[in-house]
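The values are calculated or read from the model by the stated rules, or taken from the named source; none is laboratory data. The structure displayed is predicted, hence computed values, not measured ones. Note: ideal-geometry Cβ built from the backbone for every residue, glycine included; neighbour counts use all protein chains shown. In case anyone asks, the SASA skips ligands and DNA or RNA and just uses the protein heavy atoms, side chains included. Shrake-Rupley method; radii C 1.70, N 1.55, O 1.52, S 1.80 Å.
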Amino acid sequence: MSPLHRLYILMAWLYIVVTLLEQPLSSPITPASPPTPDRLPQLSPLTSIRHASSNSRWISRQKGDRFAKEAKVANLKSRAAFKLLQINERYKIFKPGMTVVDLGFAPGSWSQVAIELVRPGLGRVVGVDLIPVAPPKGVNGVQGDFLSRDTQERVRELLRDENAGRARPNPLLQDGDTQAVLEEEEGYVDRERAATADGRSEREGEAKNKSEAKQEPDEKCVDVVLSDMSAPWEILTSSNLSGKNSLSNPYYRMMNTSGNRFKDHAGSMDLCRSALYFAYDTLKVGGHFVCKFYQGAEDKHFEKQLKAMFHKVHREKPESSRSESKEAFFVGLKRLAKVDQNSVFDEGS
């Protein structure tokens, strides 16, 4: 137990003892008066202790976390960057020139990784989040609730302009140089993977996708959809909880789960389905989809939905994801050319 924790416990006991000593033994019991604006309910000492204890555990865990240390050394927004890096190392999702949408991007570690992999100026990354936060350099940020139609329309409007979100072309970089940069990324390892991946069936599938890709509508202009969304905690409005370290702080609401595994799982499945609806409308043929979820009873059904839309679907638990966490990721590779919306979203049942 830390010295700070002991101090909080001691203060709580002193508060209880002093209160009991000041209370007259023969005082009559009177009904409590309703709270007034000048008598707002105060945060109890036990609540303060519980919150301080949670913070202490988080700080202690971060100090012993090698990925947290490496993220700080590498100037990454958070340790979550390593999860996307490890997923990409295995599945080779990103290539220069791609358009990427990152849902729930705050504090920005996934967008930070994505913009480096698609090359600033060649590719573009659009980050969407409820939390007002400055996006990483080169990333376009859209602040708003992704579940609202208004926010999704703002994202689509940005995506419709092919030049929006891209750096202006460098006149010193000729077309031949740009092509050389693109070809540089596809080296020996990528050619070996493409030649031996899944044999004839995968090559035939790719040829079919390419032949039908020209028929896709203009809305489908995204190469990769990422979703690292989590359901935020409810905002507490009491004035005594509005301090920097209170539970109403948006960053506490953003980075913490509720502690109820069923609630976290159900909430994550709702967010995954919302991200999949967006991907259905915007993702190109051959595009990829990565989403975080909390494991539970509904994830198998969602995996079935993904398999109706993508050539390959994988469950992934990166090394940088804590072993005690129920967090995992679905990776959908290569959107199929012909996708039946009813079969994906069970709208026909």
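Going through Tyr294, Tyr280 one at a time, which residue ends up being at pLDDT below 95, of a type in the set (Phe, Trp, Tyr), under 21 Å from the mean Cα position of the chain (by Cα) and open to solvent by 10 Å² or more (accessible area, probe 1.4 Å)?
Step by step, each of Tyr294, Tyr280 is checked, and only Tyr294 is at pLDDT below 95, of a type in the set (Phe, Trp, Tyr), under 21 Å from the mean Cα position of the chain (by Cα) and open to solvent by 10 Å² or more (accessible area, probe 1.4 Å).
From the residues in segment 77-86 that are over 18 Å from Arg124 (Cα atoms) and crowded, with 21+ Cβ neighbours inside 10 Å, which one is nearest to the chain's Cα centre (by Cα)?
Out of the qualifying residues, it is Ala80.
Does at least one position in segment 301-317 carry a residue that is under 15 Å from Ala80 (Cα atoms) and either without any contact (Cβ under 8 Å) to a residue 60 or more places away in the chain or not polar (S, T, N, Q) (or both)? Quick ask: steps written out before the conclusion?
Let us first name the residues in segment 301-317 that are under 15 Å from Ala80 (Cα atoms), namely 316-317.
Filter once more, keeping what is either without any contact (Cβ under 8 Å) to a residue 60 or more places away in the chain or not polar (S, T, N, Q) (or both): 316-317.
Yes: one or more hits.
Being open to solvent by less than 20 Å² (accessible area, probe 1.4 Å) and in a strand (DSSP E or B) is the filter here, so list the residues in segment 317-343 that pass it.
Correct list: Glu327, Ala328, Phe329, Phe330, Val331, Gly332, Arg335.
Regarding segment 256-273, can at least one residue be identified that is at pLDDT below 80 and crowded, with 17+ Cβ neighbours inside 10 Å?
Yes: one or more hits.
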